[in-house]
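Visitor: Shown below is the structure under consideration.
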Amino acid sequence: MFAHDISELLAKGPRNCWLALNEKETAIVGRGETMQEAVEEAKKSGVDDPIVIWAPKNWSPAVYWDVCA
């Protein structure tokens, strides 16, 4: 697994929708109002197994944790 900063990529992308990224997280290959729409657009772009994330209207720092322990 690799780690890199995708903030510039996401800053240039559309907002308030689902985004599909390629496997290396270097390009936005699909978008949609639903996850399925983003995945379908990615597949049309030739990416069969995209990484899908929600792009909020405004990006802000957040911390998430698992409360089920």
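The values are calculated or read from the model by the stated rules, or taken from the named source; none is laboratory data. Only a predicted model underlies this, so the values are computations on that prediction, with no experimental measurement involved. Counting neighbours? That spans all protein chains shown, and the Cβs are built from the backbone with ideal geometry, glycine included. Calculation scope for accessible area: heavy atoms of the full protein, side chains included, ligands and nucleic acids excluded. Shrake-Rupley method; radii C 1.70, N 1.55, O 1.52, S 1.80 Å.
Visitor: Which of the following residues is more than 12 Å from the chain's Cα centre (by Cα) and part of a loop (DSSP other than H, G, I, E, B): Lys24, Lys43, Lys57?
Guide: Lys57 is the lone residue from the list that is more than 12 Å from the chain's Cα centre (by Cα) and part of a loop (DSSP other than H, G, I, E, B).
Visitor: If I go through segment 16-34 residue by residue, how many of them are within 16 Å of Pro56 (Cα to Cα) and surrounded by 14 or more Cβ atoms within 10 Å (Cβ to Cβ)?
Guide: Summing the residues that are within 16 Å of Pro56 (Cα to Cα) and surrounded by 14 or more Cβ atoms within 10 Å (Cβ to Cβ) in segment 16-34 gives 9.
Visitor: Here is a follow-up. Does any residue in segment 35-61 that is closer than 15 Å to Leu21 by Cβ come within less than 6 Å, Cβ to Cβ, of a residue that is open to solvent by 90 Å² or more (accessible area, probe 1.4 Å) and outside any loop (DSSP other than H, G, I, E, B) six or more places away or on a different chain, and which pairs are these?
Guide: The qualifying pairs are Ala38/Arg31; Val52/Met35.
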